[in-house]
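Here the structure comes first, spelled out in C-alpha cells, and everything after it is commentary.
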Amino acid sequence: MSRLLEINNISVNYGGIQALKDINLVVNAGEVVTLIGSNGAGKSTTLRAISRLVNITNGDILYEGRNINRRQPHEVVKLGIAHSPEGRRILARQTVLSNLELGAYIRSNQAEVKADIKHQFEIFPRLAERRQQLAGTLSGGEQQMLAIARALMSRPKLLLLDEPSLGLAPAIVREIFTIIQNLRSTGVTILLVEQNANLALENADRGYVLEAGSITLSGKASDLLKNEQVRKAYLG
Ligand code: ATP
C-alpha cells in the first residue's frame, strides 16, 4: 500500500494552549482511517493542520511524499486534499448549486465541473431535488451531504471528514455512512473524525485514538473495537 499522507511529530499551539503534541499518523491510499477521541482532544485541529488552516510549531506533513508544511490552503486543495469541516460551513444564503460550484473554484474546465455537479446529484439525490433551494433552509442531514458534495467537487484523492454524524438522526447517519462506503469503493481515501467511535470504527480500516492532544492508541479498526481501554472510554 502506498502512503498518501504521513504526519510526523506535528504540534499545534493556540496561544498558550498546546492542542496537538507530537502527533504521528499515516493514511495509505484507498484506506478509511478514523481519528476518535473526546471533546477537545484535538481531532478537528489535526484536520485543520493538514488543510494548512492552522500553523504547526514542529514536525512535518507529507502528502504523496511531498512536504506541505508551508503550502497555502488553496494549494493543498489543488494537490488533492479536500476538507468537509465540522459545523459544515456551507453558504447559507447561496443555493445548493452555487455551493457546489464554489467547491470547484480551483478548476477551470467548466464542462467537467458541470459533469461533476451532475455526478454529485446522482450520489446525493436529495440535493438534486433541492438544487435551487437556499442552502440555509436545508435540513441538518442535507447540509451535511452538501458539505461532503462540495468537498468532492475539487476531485480529491484524500477527503478529510469532520464529524459527519454530528446532530443527525440515525436514519440520516446511516445514509451518510453508506455514501462514505461508496466513495471509498470509487477510490477516495478518507480520514474521518468522529465522536461516535462505534460508528467510526465499524466503517474504518484503521483508527487512532487522540487524548488531550496526543495519540494514545492506534491499530486495526476491528482490534480497537475489541480493545478494553477503547470500549471503556468511548464505546460505553
Ligand atoms: P470537538 O469534537 O469538541 O471539536 P476536537 O477533538 O475536534 O473536539 P479541537 O477542536 O481540535 O478538538 O480542539 C483542541 C483544543 O484546542 C481544545 O482545547 C480547544 O479549546 C482548542 N482550540 C481549538 N480551536 C481553537 C482556537 N481557534 N483558539 C484557541 N483554542 C482553540
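A few comments on the model shown:
- Counting only residues that are in a strand (DSSP E or B) and surrounded by fewer than 24 Cβ atoms within 10 Å (Cβ to Cβ), segment 196-207 holds 1 of them.
- Some residue of segment 33-46 being more than 13 Å from the ligand (Cβ to nearest atom) and of a type in the set (D, E, K, R): no
- Pair list, Cβ under 8 Å, 6 or more apart: segment 14-42 residue under 17 Å from Y63 (Cβ atoms), other residue near the ligand (Cβ under 9 Å from one of its atoms) and of a type in the set (S, T, Y): I23/T46; L25/T46; L35/T46
- The set of residues in segment 168-195 that are in a loop (DSSP other than H, G, I, E, B) and more than 14 Å from the chain's Cα centre (by Cα) comprises L168, A169, T186, G187.
- In a residue-by-residue description of segment 168-175, the property of being in contact with a Ser or Thr (Cβ under 7 Å, 6 or more places away or on another chain), within 13 Å of the ligand (Cβ to nearest atom) and in contact (Cβ under 8 Å) with a residue 12 or more places away in the chain applies to no position.
- G141 touching an Asp or Glu at 6+ places or on another chain (Cβ under 9 Å) and within 16 Å of the ligand (Cβ to nearest atom): no
No lab work stands behind these numbers, since they all come straight from the coordinates. On a predicted model such as this, the values are computed, not experimentally measured, just so you know. When we count neighbours, we look across all protein chains shown, and the Cβ atoms used for this are built from the backbone with ideal geometry, even at glycine.
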